[in-house]
1. In segment 136-161, how many are touching a residue at least 60 places away in the same chain (Cβ under 8 Å), crowded, with 24+ Cβ neighbours inside 10 Å and either touching a helix residue (DSSP H, G or I) at 6+ places or on another chain (Cβ under 7 Å) or hydroxyl-bearing (Ser, Thr, Tyr) (or both)?
2. Search segment 1-13 for residues that are over 15 Å from Ala68 (Cα atoms) and pair each with any residue that is hydroxyl-bearing (Ser, Thr, Tyr) and surrounded by 14 or more Cβ atoms within 10 Å (Cβ to Cβ) when their beta-carbon atoms are under 7 Å apart and the residues are at least 6 apart or on different chains.
3. Quick one: would you say Ser171 is in contact with a helix residue (DSSP H, G or I) (Cβ under 8 Å, 6 or more places away or on another chain) and of a type in the set (Ser, Thr, Tyr)?
4. Among all residue pairs at least 6 apart or on different chains, which show Cβ distances below 7 Å where the first residue, located in segment 22-46, is of a type in the set (Lys, Arg) and the second is outside any loop (DSSP other than H, G, I, E, B)?
5. Please specify each residue of segment 255-284 satisfying the condition of being in a loop (DSSP other than H, G, I, E, B), among the aromatic types (Phe, Trp, Tyr) and buried (at least 22 other Cβ atoms within 10 Å of the Cβ).
6. Is one or more of the residues making up segment 94-110 buried (at least 18 other Cβ atoms within 10 Å of the Cβ), closer than 22 Å to Trp21 by Cα and modelled with pLDDT of 95 or more?
Amino acid sequence: MEPFVLKEAEGQPALFMLEPWASQYKGLSAGFTGRNGGVGQTPYHTLNCAFHVGDRPEDVIANRKLVAATLGFTLDAWTCGEQVHSADIAIIDRDKRGAGSLDRESAIQDTDGLLTNVPGVMLTSFYADCVPLFFYDPKQQVVGLAHAGWKGTVAGIAGKMVERMQEAFGSQSEDIVAAIGPSIGSCCYEVDEKVMTHVRDLEKHFLGNEHYSTSDWYIAKEGGKYMLNLKEMNRHIMIKAGILPTHIECTSWCTSCRNDLFFSYRKDGGTTGRMASWIGLKER
């Protein structure tokens, strides 16, 4: 069953709620925005949530306010990093709450992963084909987000998130639940040999282990091209880091196939808006 369920209402932003977590974990909010239900103009129509794409800042702020309010947060809870396709992770304490909510400059710099145990913080990151990764430890009450394009994936950001949760908050990997959100699928994500060199370097760490089969990571095509499955790669990395396979939710949504619902960097020709992933513990 698809874990990211679209919720739409007139005058409201399109939100893909992480339904299994919403029904199981009280006080937790997690999901992914769609491209519809906001105020932006072409080519960012309408629910662009990122400053860095060239959209009008006032429209971005209006869209963020709309999303936050719909979820029961305020804009000053919206906390994000300046993404650079790295595997760097920041711990968000109360002093960093709201970083990047009103402008790009105040975001946590050079960061693609965010972790916090502070209620009332709405962790967010931005996408137009890359893979959003969600983490939650219900015992230690820790939430995390990671932005994983191919660079972040081969750098192992999913596994490093688990390590940071263990080091900073005492999480046990078997207690962590994770989710892989809407992103470009292997049906649409064609890469060249340059990317595959890095994929094969990562693959070496899984070969020969009976618990992992990398046969679903990519399909070779003619002309030195490959169809890459970033979702499956990240799922394997999560399992190798100790997350139980039964604790991982994985979407079937492809952002390129469903360009009517999502911004897609590839399908839109490089100039487009960004969806936001979010996760946060509500204040009691």
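1. Result for segment 136-161: 5.
2. Short answer, once both residue conditions are applied: Glu2/Thr251; Pro3/Thr251; Phe4/Thr251.
3. Yes; evaluated as a whole, the condition is true for this residue.
4. As it stands, the answer is Arg35/Met275, since those pairs meet every condition given.
5. Phe262, Phe263
6. Checked segment 94-110: no residue is buried (at least 18 other Cβ atoms within 10 Å of the Cβ), closer than 22 Å to Trp21 by Cα and modelled with pLDDT of 95 or more.
Let's see how each residue does on (1) surrounded by 14 or more Cβ atoms within 10 Å (Cβ to Cβ); (2) at pLDDT 95 or above:
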{"site": "Tyr212", "(1), (2)": "yes, no"}
{"site": "Trp217", "(1), (2)": "yes, yes"}
{"site": "Glu222", "(1), (2)": "no, no"}
{"site": "Tyr226", "(1), (2)": "yes, yes"}
{"site": "Asn234", "(1), (2)": "yes, yes"}
{"site": "Ile237", "(1), (2)": "yes, yes"}
{"site": "Thr246", "(1), (2)": "no, yes"}
{"site": "Trp253", "(1), (2)": "yes, yes"}
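The values are calculated or read from the model by the stated rules, or taken from the named source; none is laboratory data. Note that the structure is predicted; figures quoted are calculated from it, not measured. Cβ: placed from backbone, ideal geometry, glycine included. Neighbour counts: every protein chain shown.
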